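Every number here is computed from the coordinates shown, using simple stated rules; none is lab data. Keep in mind that what you see is a predicted model, and the values were worked out from it rather than measured. So basically every Cβ, Gly included, is an ideal-geometry build from the backbone, and we count neighbours across all protein chains shown.
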Amino acid sequence: MRIGVPRETKTLEGRVALVPAAAGDLVKRGHEVWLEKDAGVKSGFRDDDYTALGVKIAPDAAALYEKGEMIVKVKEPIAGDLQHLRQDHLLFCYLHLAAEPALTKQLLDIGLTGVAFETVELPNGDLPLLAPMSIVAGKIGVQVGTHLLHQPMGGKGKLLGGLPSTERGNVVVFGAGKAGGASAALAASAGANVTVFEMRQDRMDEMMRLGNNVTALYPYHDVVARAVAAADLVVGAVLVTGARAPHVVTREMLRDMEDGSVLVDIAIDQGGCFETSRPTNWKEPTYVEEGVTHFCVTNMPGAVPQTSSQAICAAILPWVNKLAAGGEWRGNQALVRGINVEGGKLVHPALEGMAL
């Protein structure tokens with residue numbers, strides 16, 4: 001199969017879907033791999049690193065999409081990509097369509113088959129292609145949130161971990177999956193008081209084992225409201241596979257927070273889990289609502305493209321191999337669950353009834 005890897009065009013996005021070693025493995029399997037010129041540069045990979053392993057270089061996006069039968073990229077296609085996509089393309093990337101009705105309609109109009117990383121689902125409910133970027137986003141959420149609490153950044157001027165003679169900072173995390181768990185672990189290791197809201201008992205048990213400064217609670221409304229009011233940093237990492245994220249923090253709750261507090265919405269790709277969330281990018285990453293700084297960047301892992309590209313590539317390569325083998329992949333239920341759109345129709349159950 002001819003596999004195309006385009007350059008990512010989202011604002012300040014530096015990831016590449018396939019690192020040279022992975023692309024080389026595909027070539028050894030008999031596939032023809034095309035890379036758009038300089039697609040790997042921001043991740044630290046030169047075109048020469050690819051060509052040395054048999055990868056071909058396309059001079060621009062038009063040529064890349066023309067060559068590719070399967071398009072493997074990281075983020076959802078945007079304006080520059082959409083003009084090149086065709087009905088016969090098999091698109092494999094993050095799509096997050098629940099929060100993108102306009103993009104969904106465009107993909108339906110094109111009629112291609114779109115398999116989304118975030119909805120490839122194992123029988124036990126695990127999401128293997130979402131997991132690595134969730135972990136990266138979880139860590140970035142706390143790193144960035146800590147920085148935004150600094151007074152020169154408009155924050156309240158609080159050190160999360162505290163020190164003798166001072167109070168520890170309070171961090172609230174919604175969701176104890178891969179992203180929320182990574183956020184809670186990093187905040188706890190920094191010495192903050194961490195409260196994690198989660199519905200699953202097994203995940204609550206896991207959070208409690210992070211340390212004596214971590215509390216895991218069921219998200220009763222009144223308990224959530226009190227915790228948010230006392231929080232310095234709130235991280236939202238709520239996930240409903242393929243669907244729009246529910247709102248767990250209301251505007252009314254924000255009004256009880258201290259000015260200069262910070263909200264980080266990792267769920268923003270799926271519409272955001274705070275009522276006041278709206279998508280931002282790395283060029284203009286924050287805004288203030290009710291005196292609280294919001295960080296809602298839709299491609300958080302794109303800030304560390306070398307790490308993120310290595311992680312996502314290791315996760316997706318076995319699945320790229322399955323897709324590239326031809327029609328046999330339709331016998332793989334995990335990949336079938338990953339189909340979001342096909343032949344002009346919405347396929348994933350979480351997207352049924354979506355207003356377009």
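Worth a mention:
- For Thr51, the conditions (1) surrounded by fewer than 23 Cβ atoms within 10 Å (Cβ to Cβ); (2) in contact (Cβ under 8 Å) with a residue 12 or more places away in the chain are fulfilled apart from (2).
- On the stretch given as region 212-250, residues that are under 30 Å from Thr119 (Cβ atoms) and charged (D, E, K, R) total 1.
- Filter pass, Arg278 being closer than 28 Å to Phe117 by Cβ, of a type in the set (Lys, Arg) and out of contact with any His (no Cβ under 6 Å at 6 or more places or on another chain): yes
- Unique match (being hydroxyl-bearing (Ser, Thr, Tyr) and over 29 Å from Gly162 (Cβ atoms)) among Thr241, Thr250, Thr286: Thr241
- Residues within region 320-339 that are outside any helix (DSSP H, G or I), within 24 Å of the chain's Cα centre (by Cα) and touching a residue at least 12 places away in the same chain (Cβ under 8 Å), tallied: 1
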